[in-house]
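As structure tokens, the structure follows; a few thoughts come after it.
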Amino acid sequence: MALRLLVNTGLLAIPIGGSVGTLLGIDAHRSATGQPPLFTSDGNSNTGSGSGGDSTGGGSGGSGSTTNNGVTNTQYCQSSYGISPPSDGQLYTLNPNQWGVTDTTSGALCMNVTTYNNETYATKQTAPGFSVTWQFDPGPSTQPVHAFPNIMVDNVLPIELDKMTKVDLDLHWTYGIGNTVASSTVESTLTADNLQTNVAIDMFFDSDKTNAGNSTLAKYEVMVWFADFGSAAQPIGLSAGAVTTKTLNGTTFSLYTGTNSAKQNVLSWVATETTEEFTGDIYPLITDLYTLTGDIYPSNSDYMGIFQFGTEAFSSDKNVTFSVPKLSIDIQK
């Protein structure tokens, strides 16, 4: 897998003016060619005026913000932007993370984040709800991924792998065509509109705790795929076949291994069927790696430095919306 740019909460990257200019230019082209506008304002697009506010940790970076009954919805269309909502429980950072977008890219992406002003969520580990609406034309074969919009666990890592006892996950996501959140994922519709993407957890390990927290320096990238759509979104090592399989809470994952362009060992557990909802401990997908032989596998003394969940945006013929209405990540020691 190609490298992703990680932006911490202290960094403000691409100015909002550049993102808005890009969106307007794309909309002008789509209008001229008879296509509907990108990300038309509706109840889920959160395009009201405002600065983003302290509740999202975004300051002036929010493209627009609306607040109703103590719930704030903010939209971010920047290339990269660390969004760290205050919480009295587990902290998370969200990022549109359009790391593969260039001046010649045709398309756009915006992330919508929902936060509670009282900083209290369903559980101490519950993450803010979010959705991502995007559309990109296919990129070059050398760089087909345009973005990895994601949510990242904060204030827990790095941690030695054998010091963990559980990695509990409570997850529900959907993908749908258009600018609004879909109640469920209809694969036939996504296939018909040539969606190329995946839905995955992305983790980075290394024997050095500092390197483990750097996606470009870590020796191992370990992924858990819950879905993949289109021939472009394939795990590294797919052609060589699965190394092993593991079934957790009714979902069977196949392990594929290989090396990316940065010489990192990429280990991908891929669900054999699209899995919209998952509740359970995924720590066995980590500990099973210790039983396999070879330098491409981590040891139990290595550190986990990054844990993210998101979607890799390759391309789509139409606007699509990825939504995460429920997410809880509990890394226990």
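Residues in the range 147-188 that are surrounded by fewer than 18 Cβ atoms within 10 Å (Cβ to Cβ) and either touching a Gly at 6+ places or on another chain (Cβ under 6 Å) or outside any loop (DSSP other than H, G, I, E, B) (or both): 9 in all. Being part of a loop (DSSP other than H, G, I, E, B) and closer than 22 Å to residue 328 by Cα is a description that applies to residue 89. Remark: pairs (first residue in the range 255-267, among the small types (Gly, Ala, Ser); second residue surrounded by 13 or more Cβ atoms within 10 Å (Cβ to Cβ); Cβ separation under 7 Å; 6+ apart in sequence or on different chains) = 258/236; 258/237; 258/266; 261/2; 262/3.
Residue 115 meets the stated requirement of being at pLDDT 95 or above and either in a loop (DSSP other than H, G, I, E, B) or surrounded by 15 or more Cβ atoms within 10 Å (Cβ to Cβ) (or both). Answer yes if at least one residue in the range 189-211 is within 24 Å of residue 112 (Cβ to Cβ), without any contact (Cβ under 8 Å) to a residue 60 or more places away in the chain, part of a strand (DSSP E or B) and out of contact with any Phe, Trp or Tyr (no Cβ under 6 Å at 6 or more places or on another chain), and no otherwise. No, every residue in the range 189-211 fails to be within 24 Å of residue 112 (Cβ to Cβ), without any contact (Cβ under 8 Å) to a residue 60 or more places away in the chain, part of a strand (DSSP E or B) and out of contact with any Phe, Trp or Tyr (no Cβ under 6 Å at 6 or more places or on another chain). Considering the range 118-135, the residues that are part of a strand (DSSP E or B) and among the hydroxyl-bearing types (Ser, Thr, Tyr) include one that is farthest from the chain's Cα centre (by Cα), namely 126.
The values are calculated or read from the model by the stated rules, or taken from the named source; none is laboratory data. Computed from a prediction, not measured in an experiment: that's the story for all the values here. With ideal geometry, Cβ positions are generated from the backbone for all residues, glycine too; neighbour counts draw on all protein chains shown.
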